[in-house]
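Bear in mind that the values in this text are calculations on the coordinates, not laboratory data. Every value quoted in this text rests on a predicted model; they were computed, and no experiment measured them.
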């Protein structure tokens, strides 16, 4: 997946209401995992830069599997050399995993 497509998928994810129905929640989770897998691949090919550096993206999968969404942890990522447009992916407290543009007030 290229970065432009990734950005489109992130936008699509953020227009799904996962609480509207079970189908909405399933669609949200499928799309989240598609984005997550693409980011893992991009990370391995060094297409993206990620902060914080001390943990890999794989940590999010461990949180979802072992701790559930009660634990909060996020990574900020951006396309290499395009640091002015950042996104975050993570596991929210008492919520679904997230992937969204980083707003200026975050």
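Estimated from helices alone, the mean residue ellipticity of the chain at 222 nm is -11500 deg cm²/dmol (sum of -39500 (n - 2.57) over DSSP H runs with n ≥ 4, per residue). Based on Cα contacts under 8 Å between residues 6+ apart, segment 3-101 shows a relative contact order of 23 percent. Computed from Cα positions, the angle between helix 22-44 and the longest principal axis of the chain comes to roughly 20 degrees. Mind pulling the angle between the C-alpha long axis of helix 3-13 and the longest principal axis of the chain? Nearest 10 degrees, somewhere in 0 to 90. Computed tilt is about 20 degrees.
Let a ≥ b ≥ c be the square roots of the eigenvalues of the Cα gyration tensor of segment 1-59; is it rounded (a/c under 1.5), or, if not, prolate (a/b larger than b/c) or oblate? Walk me through the numbers on the way to the answer.
Numbers: a/c = 2.69, a/b = 1.85, b/c = 1.46.
Judged from the Cα gyration tensor, segment 1-59 comes out prolate (a/c at least 1.5, a/b above b/c).
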